[in-house]
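S.K.: Below you will find the structure I want to go over with you.
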Amino acid sequence: MDSSRPMCLLMAGSPGSGKGTHSRRLANDLGISHIATGDLLREQVAADTPLGREAKVYMDRGDYVPDKVMVDMIRHRLSEPDAEKGFILDGYPRTQTQATELDKMLADLGQQIDAVIILEVPVDEIVERLSARRTCPACQRAYHMRDDPPADDERCDDDGAPLERRTDDEPDTVRHRLKVYADRTAGVIEHYDVDSVVRRVNGEASVDEVAKRIDEALGL
Ligand code: ADP
């Protein structure tokens, strides 16, 4: 990796593959910003902004929010000062338009993608994980209620907020999200392979073990 400029990483993988958990940890370890489009959207929904109200309709169905909204959101986020220290994009790009626009934005910023991490997890495991997932509405940290529960009953270890089940984690919506990912995103992510920046990581293991595999894949 080129260490003369800030690091730019993409975290990809289907819903429930662990993108949020691992990109948050990695950003923390590397001292770069964690930019998760799902979190940015949920902040807008929680604040009941016009954008949040529009996005919620798509998110509750398990569909993608329109490209125009997402491209503008990422352009704005990448122009904030903390992005200058480097970043990991979690859940973006998900469509060909988003990928093409991202390439242009990075070129304008003098940036290029150092690595695309793809977390690979079998579908059955994903459905199980998402049905057991509870999320902190304040900091977005995710817990698996059997394998990685919070210390205090149903409250977040970090800020004490009562954990919630995301409305899009209902089994039917999960199945739809997986189909949308297969139809619209898997092929887009494959394209990065031609630049040999893709690092495929088997995400079917404990959080610590997968973290180790990601670090190894990045040569950290
Ligand atoms: P997951 O990856 O598990 O679906 P996220 O929290 O990353 O969870 O995203 C939740 C929802 O937010 C998605 O189902 C979609 O509706 C919306 N979303 C997030 N990122 C994007 C994106 N890049 N393009 C379109 N919609 C997005």
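The values are calculated or read from the model by the stated rules, or taken from the named source; none is laboratory data. Remember, predicted model here, so these are calculated numbers, not experimental data. Here Cβ is always computed from backbone atoms with ideal geometry, including for glycine, and neighbour counts include all displayed protein chains. Heavy atoms of the whole protein, side chains included, go into the accessibility calculation; ligands, DNA and RNA do not. Shrake-Rupley method; radii C 1.70, N 1.55, O 1.52, S 1.80 Å.
S.K.: Could you look through segment 55-87, keep only residues that are within 15 Å of the chain's Cα centre (by Cα) and more than 9 Å from the ligand (Cβ to nearest atom), and pick out the one that is nearest to G38 (Cα to Cα)?
M.R.: That would be R77.
S.K.: Can you name every residue in segment 72-97 that is free of Cβ contacts under 8 Å to residues at least 40 places away in the same chain and open to solvent by 10 Å² or more (accessible area, probe 1.4 Å)? Even if it seems obvious, please write down each step before you answer.
M.R.: So the first thing to find is which residues in segment 72-97 are free of Cβ contacts under 8 Å to residues at least 40 places away in the same chain, and the list is 72-76, 79-81, 97.
D72, M73, R75, H76, S79, E80, P81, T97, listed by residue number.
S.K.: I want to confirm something. Restricting to segment 9-54 and keeping residues that are near the ligand (Cβ under 8 Å from one of its atoms) and polar (S, T, N, Q), which single residue is farthest from T95 (Cα to Cα)?
M.R.: The qualifying residue farthest from T95 (Cα to Cα) is S17.
S.K.: Would you point out which residue out of R200, R213 is basic (K, R), more than 16 Å from the ligand (Cβ to nearest atom), open to solvent by 80 Å² or more (accessible area, probe 1.4 Å) and in contact with a strand residue (DSSP E or B) (Cβ under 8 Å, 6 or more places away or on another chain)?
M.R.: Working: R213 fails: open to solvent by 80 Å² or more (accessible area, probe 1.4 Å).
The unique qualifying residue is R200.
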